[in-house]
Ligand SMILES: Cc1cc2nc3c(=O)[nH]c(=O)nc-3n(C[C@H](O)[C@H](O)[C@H](O)COP(=O)(O)O)c2cc1C
């Protein structure tokens, strides 16, 4: 599958067959995706490959508990279906301190804050890595979904997965052989997402 085809046909997949996926295939997908760009080539990403059903169930029940507590309703399936996938990746952002940040930290606290937390090059790099993972998985015939919904229970999930500060859990990606979704989500017209500055 060429890159244009992969981009055009990828969809978030939320239903998976029971078939297992080999660790080798997952490692291959991660290895290829690590060609992603990152600020200062920091490659500030880390990936937990979760196969353990008990851990996944624990993550789900913590998500449901926290959701109920803070939102006051049952958790929608779009935040919990990851337990149905044979494999779930937990994507961790490692700290990234660019050369500018190191200087700004001393010279201009406000600009340091804006660059670190609003521009957030560290998170942008990890987001690019995640995008690569979704596209590579798709081109390898696997379905996947980028998920931040369960991170309503971010602190609790980090505890279960033993992710300690300054590492930062940013997403879960359930992955497996897909039960194909028929429809593709609509996209805005290009006129709504561009402005040409002549
Ligand atoms: C940052 C981010 C967080 C997302 N979190 C969730 C989620 O928690 N649950 C879910 O079912 N989909 C989640 N999605 C998937 C989006 O709903 C999906 O990408 C969007 O509706 C477009 O559909 P498509 O991926 O099939 O093109 C997330 C996507 C992104 C980029």
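Each reported figure results from applying straightforward, stated rules to the coordinates on display, with no laboratory input. Since we're looking at a predicted model, the values are computed, not measured. Virtual Cβ from ideal backbone geometry, glycine too; neighbours counted across all protein chains shown.
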* Structure fact -> Expected unfolding gain across residue 198-residue 48 under the 0.36 nm per residue rule, minus the alpha-carbon gap, is 49.4 nm
* Relative contact order for the chain, counting Cα pairs under 8 Å that sit 6 or more residues apart, in percent -> 36
* To do: Mind jotting down the three principal axis lengths of the chain based on Cα atoms? Whole angstrom, largest first.
  => 54, 43, 36
* What full-extension length gain, to one decimal in nm, is calculated for residue 97 and residue 119 as 0.36 nm per residue of separation minus the Cα-Cα distance? -> 6.6 nm
* For the residue pair residue 191 and residue 2, what label-to-label distance in nm results when each label sits 7 Å from Cα along the Cα-to-beta-carbon direction? -> 2.9
